[in-house]
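Some notes on the structure that comes next.
The values are calculated or read from the model by the stated rules, or taken from the named source; none is laboratory data. As the structure is a computational prediction, the values presented were derived from the model and not from experiment. Methodologically, a virtual Cβ is constructed for each residue, glycine included, from the backbone with ideal geometry; neighbour enumeration extends over all protein chains shown.
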Ligand code: GLU
């Protein structure tokens, strides 16, 4: 058995009931083979063995009361995965599917993503199986306060800095921050994604979606292509999808779909983003209601969004939303590029299919790194007690995404895999973290 096969076996055996984590780590292990072969130092210091085992996993009970006075119990999680290059950094996800497998896959991805930003942030992730859907403001506040009453002792501006993810937006961050402040009596940058009035950063809201487009632009240009005039299929209608759609339209693309957990809409005239914002950001309604505003649009219940012919696909909803059969359909319809806006939306088979059919493909840890990058800029602004303008922050984001593309592309080239941005992202992200681990001795 080779060393890499041993690592893969060990991964599967020690995390047997964590399929999403195994999937995310397998992809990284597959990419690192040439690096481990070239540099024996990583193997000698057991860097891979250490990297796939989190520094720390925290699980706690969250007890809160609903509006009827019933006592409710949920599970809270925080996985502090690796802090070789900076404080743990990564979002909190509130969704019924949250468990250790999900939090560990997200935290693991975050190590490499955060490294690629070039900013000093380690990898972590957390969340709860609490479902914010259908809860009142007061219930959400009760839950967030109780969640933070346990989490506060594990985090800090120089220790671990959570942010939002699915189900956690600026409202939840506000309640979490308020409770942290009550408990610690410190107004520090312990969370990112804050409102502008108490230390948030301009562009944070838009950053993940904008970043996806800045990365895509660099990737297309490197192949002599451009966004102008291209048809986009975007999934999701949350923060990432909304601002990816906005930037795609600004850059001359035509977006024809968006989706939510119940179904998807196809608008042949191009998505009217104001309607989506009204439905999703203001009134919290189903995307099915889009039709009432745009009679030419068609609503489809359930899946099938990837059957829509397009030049560019941006999966921006959630993990494993695009499978091999979807990849085949996209390739058949002539897709030229797929950039992940969500974390691990394409499964391994779909990714391999795109790559073997010469579709430009960027993994989430590279193309969606703009969100956490602006979070790190929020931390920087909090540290100097200052805020930068929208233009300045957006320029920095744009440059960071271009730099990520360069790093990813150069690493792929250096290891004899030109155009393989999955390998490039894993390799470039890994080397910085691994070298920092080597320099700091055993931990
Ligand atoms: N949840 C986002 C991500 O997946 C952002 C994390 C952060 O800003 O810390 O990268």
Checklist entry - Among the residues of segment 69-82, is there at least one that is within 27 Å of residue 7 (Cβ to Cβ), modelled with pLDDT of 95 or more and in a helix (DSSP H, G or I)? => result no
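If you take the residues of segment 1-23 that are in a helix (DSSP H, G or I) and within 14 Å of residue 54 (Cα to Cα), which of them is farthest from the chain's Cα centre (by Cα)? Show your work before the answer.
Going through segment 1-23, the residues in a helix (DSSP H, G or I) turn out to be 3-14, 19-23.
If we keep only those that are within 14 Å of residue 54 (Cα to Cα) too, we end up with 11, 14, 21-22.
Details: 11: 22, 14: 25, 21: 14, 22: 17 Å.
The residue in question is 14.
Kindly check whether there is at least one residue in segment 38-49 that is assigned to a helix (DSSP H, G or I), within 16 Å of the ligand (Cβ to nearest atom), farther than 30 Å from residue 179 by Cα and at pLDDT 95 or above. Break it down stepwise before answering.
Looking only at segment 38-49, we keep the residues that are assigned to a helix (DSSP H, G or I), and these are 38, 40-44, 47-49.
Still in the list and also within 16 Å of the ligand (Cβ to nearest atom): none.
There is no residue in segment 38-49 that is assigned to a helix (DSSP H, G or I), within 16 Å of the ligand (Cβ to nearest atom), farther than 30 Å from residue 179 by Cα and at pLDDT 95 or above.
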Checklist entry - Of the residues that make up segment 229-244, is at least one within 23 Å of the chain's Cα centre (by Cα) and farther than 26 Å from residue 286 by Cα? => result no
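Quick one: in segment 182-193, which of the residues that are away from the ligand (no atom under 11 Å from the Cβ) and farther than 16 Å from residue 150 by Cβ is farthest from the chain's Cα centre (by Cα)? Spell out how you get there, then give the answer.
Here is the first cut: in segment 182-193, the ones away from the ligand (no atom under 11 Å from the Cβ) are 182-190.
Remaining after also requiring farther than 16 Å from residue 150 by Cβ: 185-189.
Values: 185: 31, 186: 28, 187: 27, 188: 24, 189: 20 Å.
So, considering only residues that are away from the ligand (no atom under 11 Å from the Cβ) and farther than 16 Å from residue 150 by Cβ, the one farthest from the chain's Cα centre (by Cα) is 185.
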Item to check | Those residues of segment 146-165 which are within 15 Å of the ligand (Cβ to nearest atom) and in contact with a helix residue (DSSP H, G or I) (Cβ under 9 Å, 6 or more places away or on another chain), in sequence order | outcome: 151, 155, 156, 157, 160, 161, 162, 163, 164, 165
Next on the checklist: One residue is enough: does segment 81-97 have a residue meeting the conditions within 18 Å of residue 317 (Cα to Cα), surrounded by fewer than 24 Cβ atoms within 10 Å (Cβ to Cβ), more than 11 Å from the ligand (Cβ to nearest atom) and under 17 Å from the mean Cα position of the chain (by Cα)?
Outcome noted: yes
Item to check | Residue that is closer than 30 Å to residue 187 by Cα and touching a residue at least 24 places away in the same chain (Cβ under 8 Å), where the choices are 431, 400, 427, 384 | outcome: 400
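From the list 225, 221, pick out the single residue that is out of contact with any helix residue (DSSP H, G or I) (no Cβ under 6 Å at 6 or more places or on another chain), part of a loop (DSSP other than H, G, I, E, B) and closer than 25 Å to residue 361 by Cβ.
Values: 221 fails: part of a loop (DSSP other than H, G, I, E, B).
The conditions single out 225.
Looking at 266, 175, 243, which one is touching a residue at least 24 places away in the same chain (Cβ under 8 Å), more than 25 Å from residue 143 (Cα to Cα) and out of contact with any strand residue (DSSP E or B) (no Cβ under 7 Å at 6 or more places or on another chain)? Before the answer, list the steps.
Working: 266 fails: out of contact with any strand residue (DSSP E or B) (no Cβ under 7 Å at 6 or more places or on another chain); 175 fails: more than 25 Å from residue 143 (Cα to Cα).
Unique residue meeting the criteria: 243.
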Checklist outcome for this item: Here the qualifying pairs (Cβ atoms under 9 Å; residues six or more apart or on different chains; first in segment 45-59 and at positive phi and touching a residue at least 12 places away in the same chain (Cβ under 8 Å); second in a loop (DSSP other than H, G, I, E, B) and surrounded by 15 or more Cβ atoms within 10 Å (Cβ to Cβ)) come out as none
Checklist outcome for this item: All-but-one check, residue 231 against (1) in contact with a strand residue (DSSP E or B) (Cβ under 6 Å, 6 or more places away or on another chain); (2) buried (at least 22 other Cβ atoms within 10 Å of the Cβ), failing number (2)
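Those residues that are more than 12 Å from the ligand (Cβ to nearest atom) and in contact with a strand residue (DSSP E or B) (Cβ under 8 Å, 6 or more places away or on another chain), I need them from segment 116-133; list them, please. Reasoning before the result, please.
So the first thing to find is which residues in segment 116-133 are more than 12 Å from the ligand (Cβ to nearest atom), and the list is 118, 120, 128-133.
Listed by number, the residues that qualify are 128, 129, 130, 131, 132.
What residue, among those in segment 310-357 that are out of contact with any helix residue (DSSP H, G or I) (no Cβ under 9 Å at 6 or more places or on another chain) and more than 26 Å from residue 124 (Cβ to Cβ), is surrounded by the most Cβ atoms within 10 Å (Cβ to Cβ)?
Our first condition is that a residue be out of contact with any helix residue (DSSP H, G or I) (no Cβ under 9 Å at 6 or more places or on another chain); within segment 310-357, this holds for 311, 318, 332, 334, 356.
The next check asks that each one be more than 26 Å from residue 124 (Cβ to Cβ); those that pass are 311, 332, 334, 356.
Details: 311: 19, 332: 11, 334: 11, 356: 9.
Looking at the filtered set, the residue picked out is 311.
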Checklist outcome for this item: By residue number, the members of segment 194-204 that are more than 11 Å from the ligand (Cβ to nearest atom) and in a helix (DSSP H, G or I) are 196, 197, 198
Checklist entry - Of all residues in segment 106-130, which are over 14 Å from residue 432 (Cα atoms) and under 19 Å from the mean Cα position of the chain (by Cα)? => result 106, 107, 108, 109, 124, 125, 126, 127, 128, 129
Checklist outcome for this item: Of the residues in segment 373-412, those that are under 23 Å from residue 157 (Cα atoms), surrounded by fewer than 18 Cβ atoms within 10 Å (Cβ to Cβ) and more than 16 Å from the ligand (Cβ to nearest atom) number 5
